[in-house]
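Undergrad: Dumping the structure here so I can ask a few things about it.
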Amino acid sequence: MHYFKHETAVIDEPVEIGKRTKIWHFSHISANAKIGNNVIIGQNVFVGKGVVIGNGCKIQNNVSVYEGVTLEDDVFIGPSVVFTNVKEPRANIEQKDNFLKTLVKKGATIGANATIICGNTIGENSFIGAGSLVTKNVNDQSLVHGIPAKHIKFI
């Protein structure tokens, strides 16, 4: 095996997992996920069906990366970040056909406890402040923070 998997991690088949990737305690990788080289997936991380994670990404503990999310290379996801996949979720309405795509571009950083509403693009090398609520696209090299997240400056 060309990657490390902790004995408590669950990996459904088929998946693609790159060289030197590490998958830690109690994480679950769903079928058809594609994970690049040198990725670190922390404890209790869920990677949904068909998710794409680029090379060099780091996903901290307690994150769910749902179907429809793509992380390009070198993306950092802080602990307990939340990705959504439906804009208006309801318990009694099946909406699996309504999943919206979320793209996190190369080199972006998303701080701890931030929430990313689906259907948005997080720009290249942008920085989402901890605890922020991202409700719209974030420009490349932009620092955003707050609820809702607002542009602070270019970095």
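No value in this document is a laboratory result; all are computed from the given coordinates. What you are looking at is a predicted structure, and each value in this text was computed from that prediction instead of being measured. Please note: Cβ atoms are built from the backbone with ideal geometry, for glycine as well, and neighbour counts cover all protein chains shown.
Undergrad: Tally the residues that are at positive phi and either touching a Lys or Arg at 6+ places or on another chain (Cβ under 9 Å) or polar (S, T, N, Q) (or both), restricting the search to the stretch 114-154.
TA: 3
Undergrad: Give His2, His25 a once-over and let me know the one that is in contact with a Lys or Arg (Cβ under 8 Å, 6 or more places away or on another chain), without any contact (Cβ under 8 Å) to a residue 24 or more places away in the chain and not basic (Lys, Arg).
TA: Being in contact with a Lys or Arg (Cβ under 8 Å, 6 or more places away or on another chain), without any contact (Cβ under 8 Å) to a residue 24 or more places away in the chain and not basic (Lys, Arg) holds for just one of His2, His25, which is His2.
Undergrad: Would you tally the residues in the stretch 87-105 being in a loop (DSSP other than H, G, I, E, B), hydrophobic (A, V, I, L, M, F, W, C) and surrounded by 18 or more Cβ atoms within 10 Å (Cβ to Cβ)? I'd like the intermediate steps shown before the answer.
TA: As a first pass, look at the stretch 87-105 and keep what is in a loop (DSSP other than H, G, I, E, B): 87-95, 99-101, 105.
If we keep only those that are hydrophobic (A, V, I, L, M, F, W, C) too, we end up with 91, 93, 99-100.
Going one step further and asking which of them are surrounded by 18 or more Cβ atoms within 10 Å (Cβ to Cβ), we end up with 99.
So the answer is 1.
Undergrad: Evaluate the following for Ala108: is it crowded, with 16+ Cβ neighbours inside 10 Å and either farther than 19 Å from Val39 by Cα or under 15 Å from the mean Cα position of the chain (by Cα) (or both)? Talk me through it step by step, then tell me what you get.
TA: Values: crowded, with 16+ Cβ neighbours inside 10 Å: yes; either farther than 19 Å from Val39 by Cα or under 15 Å from the mean Cα position of the chain (by Cα) (or both): yes.
Yes: the conditions hold for Ala108.
Undergrad: Taking the options Asn61, Asn125, Asn120, name whichever one is among the polar types (S, T, N, Q) and more than 30 Å from Ile11 (Cβ to Cβ). Quick ask: steps written out before the conclusion?
TA: On the way: Asn61 fails: more than 30 Å from Ile11 (Cβ to Cβ); Asn120 fails: more than 30 Å from Ile11 (Cβ to Cβ).
When all the criteria are applied, what remains is Asn125.
Undergrad: Provide a single number: the residues in the stretch 10-65 that are among the charged types (D, E, K, R) and outside any strand (DSSP E or B). Working first, answer last.
TA: Looking only at the stretch 10-65, we keep the residues that are among the charged types (D, E, K, R), and these are 12-13, 16, 19-20, 22, 34, 49, 58.
Keeping just the survivors that are outside any strand (DSSP E or B) gives 12-13, 19-20, 49.
Number satisfying all stated conditions: 5.
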